[in-house]
Amino acid sequence: MIGGYRIERKLSAGGFGVVYLAVDKEGQQFAIKEYLPSSLASRAVGELLPQVLPEKLSLYRLGLKSFFEEGRSLAQISHGSVVSVLNFFRENETVYMVMNYLEGGTLQDFIITARDLKKPKVFRESTIRSLFDEILRGLRIVHQHKMLHLDIKPANIFITDDNRAVMIDFGAAREVLSKEGNFIRPMYTPGFAAPEMYRRDSSMGPWTDIYAIGACIYASMQGYPPNDAPQRTEKDRLSLALSRLRGVYSDNLIEVVQWCMALDPLARPQSVFALQKELSRESERRYTKLTVGERVRLQFDSVVSDTKKTSRKAHVSGTRFK
């Protein structure tokens, strides 16, 4: 029993915490997220209190405070596309966040399933536009509350059984630990984290979440995540990858992704409203076909890329879907 809720089972665990399925006295189901960063704390089987080394205690408490503040801020937001935080409390020297228990699957699950069907389009363009219009409505409210999500990715967009798209697992507290803790491995998801998240001295804002939205739209079109920001900084192949989708998706949608994923934060939409306005321009859809020369160059590039891949060992870092 924790805070009047009975823990049924563990739903998921990551580098930052654990999520449980719980029920209250009336038998209603909830999801409870516990602050338990694996790089700072450990807990023996059967124990309730986390064990934190003395030299990591101040950082553990900093993350705890940020996690608590995040819960308090989310509890003030009531929107169908933002996970509902119903309660949050301190117990066992940590913090618990009580949320609605959602049934369905993540956008990542749907992308992998759709991709494996090997159709020309992973999702129809109308599906992508309506899905992200819904997500952006929620994100706009989040930004109006002076909050950032900072971990938008297909695994954190939940599609419920009653057909709602909901943002889950906010990453503000995670970001605090990544910036403050020199010995903590940054907890970014390759492909979806904006370039400024890799720099300790850079400022983040709505444009940081907008980069991740663009990356999610890209994944919904391609079936795979884009290259991560450090790779793109060295050699940017985004335009080349998107050019393969010309004629499959409209020029407007491809341009929206390029705009959102600009490496320079100032070159991106500076607000969710600006992005919503552009994404709603369905009437201006044009489908430019590839020329014969472009097809040849793309095919040649694919052969060269495949040759390079087979000549070196695959190395996977971070959490990304394969």
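The values are calculated or read from the model by the stated rules, or taken from the named source; none is laboratory data. No experiment lies behind these values; they were computed from the predicted model shown. Note: ideal-geometry Cβ built from the backbone for every residue, glycine included; neighbour counts use all protein chains shown.
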Exception for residue 63 within (1) surrounded by 15 or more Cβ atoms within 10 Å (Cβ to Cβ); (2) assigned to a strand (DSSP E or B); (3) small (Gly, Ala, Ser) falls at (2)
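I'd like the full set of residues that are among the β-branched types (Val, Ile, Thr), assigned to a helix (DSSP H, G or I) and either within 30 Å of residue 41 (Cβ to Cβ) or in contact (Cβ under 8 Å) with a residue 60 or more places away in the chain (or both), limited to segment 91-126. Even if it seems obvious, please write down each step before you answer.
Here is the first cut: in segment 91-126, the residues among the β-branched types (Val, Ile, Thr) are 94-95, 98, 106, 111-113, 122.
If we keep only those that are assigned to a helix (DSSP H, G or I) too, we end up with 111-113.
The answer is 111, 112.
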Given the criteria at pLDDT below 95 and either in a helix (DSSP H, G or I) or not hydroxyl-bearing (Ser, Thr, Tyr) (or both), does residue 242 qualify? yes
All but one of (1) surrounded by 19 or more Cβ atoms within 10 Å (Cβ to Cβ); (2) farther than 27 Å from residue 144 by Cα; (3) at pLDDT below 90 hold for residue 225; state the number of the condition that does not hold. (3)
Scanning segment 196-238 for residues that are among the acidic types (Asp, Glu) and within 18 Å of the chain's Cα centre (by Cα), which turns out farthest from residue 128 (Cα to Cα)? 196
All positions within segment 225-257 that are in contact (Cβ under 8 Å) with a residue 40 or more places away in the chain and polar (S, T, N, Q): 243, 250
Could you please find all residues in segment 50-67 being under 22 Å from residue 88 (Cβ atoms) and aliphatic (A, V, I, L, M)? 52, 57, 59, 62, 64
Among the residues of segment 92-136, which ones are of a type in the set (Asp, Glu) and on the phi > 0 side of the Ramachandran plot? 93
Criterion first (within 21 Å of residue 205 (Cβ to Cβ), assigned to a loop (DSSP other than H, G, I, E, B) and among the polar types (S, T, N, Q)) does residue 258 satisfy it? no
When you scan segment 142-159, how many residues do you find that are assigned to a helix (DSSP H, G or I) and among the aliphatic types (A, V, I, L, M)? 2
Is one or more of the residues making up segment 5-21 of a type in the set (Gly, Ala, Ser) and at pLDDT 90 or above? no
Residues of segment 1-28 that turn out to be surrounded by 14 or more Cβ atoms within 10 Å (Cβ to Cβ) and either under 24 Å from the mean Cα position of the chain (by Cα) or in contact (Cβ under 8 Å) with a residue 40 or more places away in the chain (or both), as a count: 13
Looking at segment 71-90 only, could you name the residues that are under 30 Å from residue 242 (Cα atoms) and outside any loop (DSSP other than H, G, I, E, B)? 82
Can you find a residue in segment 51-61 that is free of Cβ contacts under 8 Å to residues at least 60 places away in the same chain and under 28 Å from residue 103 (Cβ atoms)? no
Residue 215 vs (1) farther than 21 Å from residue 169 by Cα; (2) among the aliphatic types (A, V, I, L, M); (3) not in a loop (DSSP other than H, G, I, E, B): all pass except (1)
Among (1) free of Cβ contacts under 8 Å to residues at least 40 places away in the same chain; (2) among the aliphatic types (A, V, I, L, M); (3) in contact with a Phe, Trp or Tyr (Cβ under 9 Å, 6 or more places away or on another chain) - the single one residue 83 does not satisfy: (1)
Could you list all residues from segment 37-49 that are assigned to a loop (DSSP other than H, G, I, E, B) and buried (at least 19 other Cβ atoms within 10 Å of the Cβ)? 37, 40
Hits in segment 1-19 - residues which are among the hydrophobic types (A, V, I, L, M, F, W, C), farther than 18 Å from residue 70 by Cβ and part of a loop (DSSP other than H, G, I, E, B): 1
Looking at this structure, is residue 290 assigned by TED's automatic domain parsing to the domain that holds residue 199, more than 27 Å from residue 113 (Cα to Cα) and either modelled with pLDDT of 95 or more or loosely packed, with under 13 Cβ neighbours inside 10 Å (or both)? no
